[in-house]
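Throughout, read-outs are computed from the coordinates displayed, never taken from laboratory work. These numbers come from a predicted model, not from an experiment. Here the Cβ is made from the backbone with ideal geometry for all residues, glycine too, and neighbour counts use every protein chain on show.
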Amino acid sequence: MVPILAPEQSATHDVTNQAPVLAPYDAADDAALLEGLRREGAGRAEEDIRRLGRLAGGEEAQEWAGQADRHEPELRTHDRFGNRVDEVEFHPAWHRLLGTAVAEGLAAAPWADDRPGAHVVRTAGGLVWGHTDAGHGCPTSMTYAAVPALRKQPELAAVYEPLLVSRVYEPGLRVPSGKRGLLAGMGMTEKQGGSDVRTNTTAATPTAEPGVYTLRGHKWFTSAPMCDVFLVLAQAPGGLSCFLVPRILPDGSRNTFRIQRLKDKLGNRSNASSEPEFDRTVAWLVGPEGQGVKTIIEMVNCTRLDCVMMSATLMRKTLVEAGHHTKHRGAFGALLIDQPLMRNVLADLALESEAATTLTLRLAGAADRAIRGDAQEAAFRRIATAVGKYWVTKRGPAFTAEALECLGGNGYVEESGMPRHYREAPLLSIWEGSGNVNALDVLRALGRAPETGEALFAELALAHGADARLDAAVVRLKDQLRGLRDQQGIEAGARRLVELMALALQGSLLVRHAPAAVADAFCATRLGGDWGHSFGTLPAAVDLTAILDRALPDTAARG
């Protein structure tokens, strides 16, 4: 006979020693972010950034992010009558996320704001709103980057720029001039060349109408295909050129934009990435024939900055998640946050996160001032953005993996959200040029525009004498540059060179602007060599408590 248990004996699934859900929290509760916002001339926006941070960390926005990732976009090539429509359907959560981002000015709005610091405000907004979902940041980034390229053709800019800088999100394909706001995409790479866009085979044929061409070819990686207009590279009679391709033509007909398939990607799954095919697709020339790369170079500067920003955001988001978990999870008689080895790991992650955030905002400040005509900042931006893109995005995957590990098995399940962040991290080192492409771009800048190297060393010199380890690193950097003689040697050593540039630049910024405990720990480890090969190997002298008290939001009181 099976015994009947008393009710108090039957509970086998009591939940204990689990962290509560993090949301709601304030994604802008980040000292490095707010200090950088003020330092780069955009302190006026602090209340707006704080408001957006509370919205990003709220239960509703966090649920939108999960829904957008779980319910992936679906391609619909034809309607029920057999007509070609080439549309991608998104979950409502995607539209809520994207609509909020546009309304908050995270697309192209800064180009319509004459106040100094407008582009810094946008970057800071991305650093907090990115705590939701990274995928919808793709169309906002491309829209932001499209404006300076489009200005190469003033008559087109006059039509489209007022709609691109709008804070109104109107999904659905319609005549662009009939909408209150537009999004822009990019169609650059092809399957035979990837980053080597000069090998593109898509052909552009002039029509009888000046400035109007027809395109024929196949693009390999065109994200956010439901954008209203696209900047596309194609081979015109005069060479590789840039073109504007609208999804809907001025007469209301659909331009030929045949979406062959959506990519089955590792991450960024809320966003659709497609392979469109052009066949007599109508396009308008942007800039002179044969100068397509020159036309889009400003676009690349903008999207590379966003790659740095998104990586820094992922670092911050996963650090906050890890810190929250360890404040509530106990093991071996104490909370994880009080275990010496876990504190070392978290403090090491906090150093990396602060360095990434501080560099991101410095790059945003340089972009803002360069756009307003500052030649010195333009030179610094040219080289430092490529340096930051290389290093910060390279650190992202290892960082998110370590943060995930802080949650143990709980971090390895989809419900935690950490796998989504982990899958997202590698994209940012690939998008807008892999590590090799960016390292070579730094060499190109040094060779073709020596003023960029001078601007970088002028920035480093601002911290001269403040830390001997930083000073020694700058000397090593100069020695490396002098020691690279032949082109083969330069290319083979490019990664080592750019890594040291990035670490010296981050160290310089932290020595000048961060608390002494943060700057000292960074210089001791990243520049002084008192460090292991994984996170959590900070030396005993580091003030872990000072670093953690600064970095981690107070979520310990939740039950």
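Site pair Ala492 and Leu249 shows an inter-label distance of 5.5 nm when each label is modelled 7 Å from Cα along Cα→Cβ.
For Asp228, neighbours were defined as the other residues whose beta-carbon sits under 10 Å from its Cβ, and their charges (Lys and Arg +1, Asp and Glu -1) total +2. As a length-normalised measure over Cα pairs under 8 Å and 6 or more apart, the relative contact order of the chain settles at 14 percent. Peptides 437-444, 370-377 ranked from most to least packed by the mean count of surrounding Cβ atoms within 10 Å: 437-444, 370-377. Listing Ser416, Ser270 from fewest to most neighbouring C-beta atoms within 10 Å gives Ser416, Ser270.
Peptides 314-323, 498-507, 90-99, 71-80, ordered by how many other C-beta atoms sit within 10 Å of their residues on average, highest first, read 314-323, 498-507, 90-99, 71-80. Computed over region 233-321, the alpha-carbon pair-distance distribution with 5 angstrom bins reads 3, 11, 12, 15, 19, 17, 11, 6, 4, 2, 0, each value a whole percent. With neighbour counts taken as other beta-carbon atoms within 10 Å, the residues Thr358, Thr100, Thr205 rank, fewest first, as Thr205, Thr100, Thr358. Fully extending the segment from Asn436 to Lys294, taken as 0.36 nm per residue of separation minus the present Cα-Cα distance, adds 49.1 nm. Shape of region 1-136 from its Cα gyration tensor (a ≥ b ≥ c, root eigenvalues): rounded if a/c is under 1.5, otherwise prolate when a/b > b/c, or oblate? Cα axes put region 1-136 in the oblate bin. Approximating the spin labels as points 7 Å out from Cα along Cα→Cβ, the Leu341-to-Leu75 distance works out to 4.7 nm. What the pair-distance distribution of the chain shows, using all Cα-Cα distances binned every 20 Å from zero, is 21, 53, 22, 3, 0 percent. Using a cut-off of 31 Å between Cα atoms, the listed pairs Lys265/Lys327; Lys265/Lys478; Lys389/Lys478; Lys263/Lys327; Lys191/Lys394 include Lys265/Lys327; Lys265/Lys478; Lys263/Lys327 as exceeding that distance.
Kyte-Doolittle mean at least -1.0 and Cα extent at least 30 Å along the axis: which DSSP H helices of the chain qualify?
292-328, 340-371, 375-406
How high is the relative contact order of region 140-251, given as a whole-number percent (alpha carbon pairs under 8 Å, six or more residues apart)? Relative contact order comes out at 25 percent.
Near Glu170, the amide H atoms lying under 5 Å from its own belong to Gly181; only residues 5 or more places off or on other chains count, and H is placed 1.01 Å from N. Take the alpha-carbon centre of region 299-327, take the same for region 219-283, and report the distance between them in whole Å. So the two Cα centres are separated by 28 Å. Residue exposure proxy: Ile337, Ile547, ordered by other Cβ atoms within 10 angstrom of their Cβ from fewest to most, comes out as Ile337, Ile547.
Assuming 0.36 nm per residue, please report the length gained on full extension of the stretch Asn17 to His218 beyond their Cα-Cα distance. Provide the component values of the computation, followed by the final result.
Values: separation 201, 0.36 × 201 = 72.36 nm, distance 5.39 nm.
Difference between extended and current length: 67.0 nm.
Here the contact order of region 294-551, divided by its residue count and restricted to Cα pairs under 8 Å and six or more residues apart, works out to 25 percent.
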